[in-house]
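Notes for the one structure printed next.
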Amino acid sequence: MDGVVTDTTSAHSDAWKQTFDDFLRFRATRQQERFTEFTSDGDYLTYVDGRPRYSGVEEFLKSRGIELPRGTPNDLPGRETVCGLGNQKNVIFNQIIEKEGVRTFDSTVLLVREMLRRGIKVGLATSSYNSEEVLGRTGAAHLFATVVDGGESAKRGLKGKPEPDIFAAAAANLGVSNAQAIVVEDATSGVQAGARGGFALVIGIAREGNGSELRNNGADMVVQDLSETSLEQINRLVQDKRATDR
């Protein structure tokens, strides 16, 4: 969803930065340490982007050598637990989209509409717990025959990216095998999931100039925007990959 269908990556990155910078600044003052800010290009893309909320907190804190109790999803936002920080980020994220709204990528919507016109099933898989809120603001929810999000993953015990569970679940809901499905992702953890899951094709969208990283982590095709490709080109790549794998 975020970064492929909706232009919400910057809202997520900004919400994480505010959350982590507030935490790190307070911690540095309390422990008389040097404050090192959370960066969007480095920390967000490397440790947080595409991962389930609490997993992103754990991965980033681990990179800084910080250990916090896990807590529970009911922890108050801002509490010094993994869940508390994740919940604080969610509060800030929702404040941002409430103020700024949510925009979709026209090229993605056009491609999805063309797929539907040709009888191709389309589903959405996301780590976000906010899919209903975000998609509801775009009017695009009706385009997806199934949505597997963070809430659904928690209910079903699905592992988050870079494991392929949410994509496999979406494909199963559509009635197709992984080998008959294409994954489109902008996060490194997402293309890793697609590669691990044995999907027909993994398309990486390098909106952050991270094309090499996406390709190195499993993307079969990398574009900066879906306007750079077509269903005919995608189909050819699928056929070529199947021929190579035989």
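Once backbone amide H atoms are built at 1.01 Å from N, Y129 has G150 as its partners under 5 Å, excluding neighbours fewer than 5 places away on the same chain.
Look at the alpha carbon pairs under 8 Å that are at least 6 residues apart: their mean separation over the length of the chain gives a relative contact order of 16 percent. A full extension of the chain between L116 and F35 corresponds to an added length of 24.2 nm, given 0.36 nm per residue minus the alpha carbon distance. Charge tally around S107: other residues with Cβ under 10 Å, Lys/Arg +1 each, Asp/Glu -1 each, net -3.
The mean sequence separation of alpha-carbon pairs under 8 Å and at least six residues apart, normalised by the residue count of region 106-245, gives a relative contact order of 18 percent.
About the centre of its Cα atoms, region 44-109 shows a dipole size close to 80 debye [charges on the beta carbon of Lys, Arg (+1) and Asp, Glu (-1) only; nearest 20 debye]. Over all other residues within a Cβ to Cβ distance under 13 Å of S227, the charged ones net out to -3, with Lys and Arg as +1 and Asp and Glu as -1. A helix-only calculation puts the chain at -15000 deg cm²/dmol for mean residue ellipticity at 222 nm, using -39500 (n - 2.57) for each DSSP H run of at least four residues, averaged over all residues.
For region 1-120, the alpha-carbon coordinates run over 60, 29, 27 Å along the three principal axes, in decreasing order. When the Cα positions of T9, F93, F20 are compared along the charge dipole of region 9-100, F20 comes out farthest toward the positive end, with charges on each C-beta of Lys, Arg, Asp and Glu.
Taking the longest Cα principal axis of the chain as reference, the axis of helix 231-245 is set at about 90 degrees. Volume per residue for region 101-246 equals 109 cubic angstrom (convex hull of Cα atoms). Helix 106-117 and the longest principal axis of the Cα set of the chain meet at an angle near 40°. Here the spin labels are modelled as points 7 Å beyond Cα on the Cα-Cβ line, and at R215 and R79 they lie 4.6 nm apart. Rounded to the nearest 20 debye, the dipole magnitude of region 103-246 is 400 debye, with +1 charges on Lys and Arg beta carbons, -1 on Asp and Glu beta carbons, and the Cα centre as origin. Inverting the pair-averaged 1/r between distinct Cα atoms of the chain gives 18.7 Å as its Kirkwood hydrodynamic radius.
Rounding to the nearest 10 and keeping the result within 0 to 90°, find how far the Cα-based axis of helix 82-100 lies from the longest principal axis of the chain. Tilt relative to the chain: about 70 degrees. Once you divide the Cα radius of gyration of region 47-89 by 2.2 N^0.38 Å, the number left is 1.02. Over region 9-100, what is the mean sequence separation of C-alpha contacts under 8 Å (at least six apart), divided by residue count, expressed as relative contact order in percent? Computed over region 9-100, the figure is 27 percent.
Read-outs throughout are calculated quantities, based only on the coordinates presented, and are distinct from any laboratory measurement. Because the structure is a prediction, the values reported are computed rather than measured. Ideal geometry is used to build each Cβ from the backbone, glycine not excepted, and the neighbour counts take in all protein chains shown.
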